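Following: one structure in structure tokens, then a few remarks.
The values are calculated or read from the model by the stated rules, or taken from the named source; none is laboratory data. What you see is a predicted model; the values in this text were computed from it and never measured. Because the Cβ atoms are built from the backbone with ideal geometry, glycine has one as well, and the counts that use them run over all protein chains shown. Note: accessible area is taken over every heavy atom of the protein model, side chains too, but ligands, DNA and RNA are not part of it. Shrake-Rupley method; radii C 1.70, N 1.55, O 1.52, S 1.80 Å.
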Amino acid sequence: MYASREDVGYDFGDDSKVGSKPIKPNPNIDGGWAWMIVLSSFLVHILIMGSQMALGILNMEWLEEFNQSRGLTAWVSSLSMGITLIVGPFIGLFISMCGCRKTAIIGGILNALGWILSAYASNVHYLFLTFGVTAGVGSGMVYLPAVVMVGQYFQKRRALAQGLSTTGTGFGAFLMTALLKYLCIEFGWRNAMFIQGAISLNLCVCGALMRPLSPKDVVSEKYAVRSNSDDNQAKALSHSAETIKSNGVLSEEPEKKDEATNEEVLDSVQPIEIGGKSRSGRSMYGLRILKTVSHLTVTVRKGFAIWYSSYFGAASLFTNRAFVAFIIWALFAYSSFVIPFIHLPEIVKQYNLSSQNNIFPLTSIIAIVHIFGKVILGIISDLPCISTWNVFLMANFTLVTCILTLPLTQTYGSLAVVCALIGFSSGYFSLMPVVTEDLVGTKHLANAYGIIICANGISALLGPPFAGWIYDITHKYDFSFYISGLLYMVGIIFLLIQPCIQKKQPREKSTEEAQV
């Protein structure tokens, strides 16, 4: 972001001697384990977002198996995609209480369970519960921690790091499309979902890699804040506070004192109870339970207070007009990207292009170019003279133009070109966490990004069924793209009318030579 000691991750000792102490770079920021966090997030995007982008394969199988309308069947994919994102604000509560690592591991188990149970579906409504809700909630519990952890570990090249990690969506869409297609042909869609559920257990491994930053690193950043300028001071303090909150560590002294008091009381009771040998074992066991419950109560109370204040307190995120405009944009934007993935196989079949599409699927073109789009847009945004906000807007304008143009193309070559542009311009997804942080600060990143992906989830939830419903009425997908494109344009207009967003300065690259 901006050049500051927060960006470099300096370690300070006594805050009264900040100016005289030597500056030590924090190895956990922008290096070392930070790249393992990028790898973990990359694999999460492959297994979650990539597999969701390949649901067009299963959607065709469900249409043949259950013989339901396209609008009703599309709700299965939409529920999975939508709930993954809609649960974002509530996953922020889990992160505040349990930390990113535990939240992601639990989510990985839940996601795998949803896939496996869906293999035994007897109707579409059964899939609503198992695949849409169960797998969707599990996906959300892994996805948000994967994004937040990258934001915590990177300061100097956050846009590039987010770009690299989110390229997993493109890789995953390409790989999972081929994998699910092969598994459905060889073993049938039920066994394919069972196998995919087993593969999804690797999300637990990804969650285990999300090692929280140590309290020492957090405290050192907190001390670094006090000698900085007002603007950088607020940003660095936000980073330290968010790091503590997202990993379930108590940061405020009153809470620590309460916890210490509980420990002292429990320890003082211990010698009294150990007087009789027959009762000592049970007393010690009871004391351990009381101590654990005490710690858990304090952690839950602290996490809920953080979560509640972010949404409903005096410093609520909804008092930020620019952020509210960003939410409105997110409500219309994501469906324009999701609809082609779900319905392109059907569109190709309508245009009698199945033979060409089988050689190189259009969804694979979107997925491959999407990879390059995320990396290239991330690199461009990290340049000192380039504003991330301008790059974000240009990519949005390109994507909405492609969505409105797609119904006009009916040959494989023209469709391939439009799909390639859709893939590249949709690379702006890697910039969304960076733009969100620019608007609300690092302190509120987890909760703010949870709200944004929740709005995206609503868009993903309603978009594909709406397109299927329009097709059931008109027997064409043209109007679906036109209406979604126009709504997307309305969202972009809301962004443009917020002058406080446009006035943000171009992001500057941080250097380790920043002066104290």
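So the values come out like this:
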{"quantity": "1.4 Å probe accessible area per residue over the range 316-504, in Å²", "calculated": "36"}
{"quantity": "Exceeding the 24 Å Cα-Cα cut-off - candidates Lys349/Lys476; Lys102/Lys291; Lys181/Lys349; Lys156/Lys374; Lys156/Lys443; Lys102/Lys156", "calculated": "Lys102/Lys156"}
{"quantity": "Spin-label model distance (nm) - Phe479 vs Ser387, 7 Å beyond Cα toward Cβ", "calculated": "3.9"}
{"quantity": "Sequence of His444, His475 when ordered by accessible area, the most exposed leading, probe 1.4 angstrom", "calculated": "His475, His444"}
{"quantity": "Dipole axis of the range 316-504 (+1 Lys, Arg; -1 Asp, Glu on Cβ), positive-most option in Met432, Ile473, Ile386", "calculated": "Ile386"}
{"quantity": "Which of Arg190, Arg158, Arg288 is most accessible, then next, and so on - probe 1.4 Å", "calculated": "Arg288, Arg190, Arg158"}
{"quantity": "Within the accessible area of the range 316-504 (1.4 Å probe), percent carbon and sulfur", "calculated": "72"}
{"quantity": "In Hz, Karplus ³J(HN,Hα) per residue of the range 190-200 (6.51, -1.76, 1.60; θ = phi - 60°; x = Gly, Pro)", "calculated": "5, 5, 4, 5, 5, 5, 5, x, 5, 5, 5"}
{"quantity": "Selection of chymotrypsin sites (Phe, Trp or Tyr not before Pro), the range 101-141, meeting DSSP coil and at most 11 other Cβ within 10 Å", "calculated": "Tyr120"}
{"quantity": "3J(HN,Hα) from dihedral phi, the range 135-152, Karplus parametrisation 6.51/-1.76/1.60, rounded to Hz, x for glycine, proline", "calculated": "5, x, 5, x, 4, x, 6, 9, 5, 4, x, 4, 6, 5, 5, 5, x, 6"}
{"quantity": "Surrounding net charge for Tyr126, when Lys and Arg each add one and Asp and Glu each subtract one, Cβ distance under 14 Å", "calculated": "0"}
{"quantity": "Cα-centre dipole for the range 106-216 with unit charges at Cβ (Lys and Arg positive, Asp and Glu negative), debye to 20", "calculated": "500"}
{"quantity": "Exposure rank, largest accessible area first [Ile379, Ile365; 1.4 Å]", "calculated": "Ile379, Ile365"}
{"quantity": "Net dipole in debye of the range 316-504 [+1 Lys, Arg Cβ; -1 Asp, Glu Cβ; about Cα centre; nearest 20]", "calculated": "240"}
{"quantity": "Relative contact order (%) - the range 316-504, alpha-carbon pairs under 8 angstrom, separation at least six", "calculated": "41"}
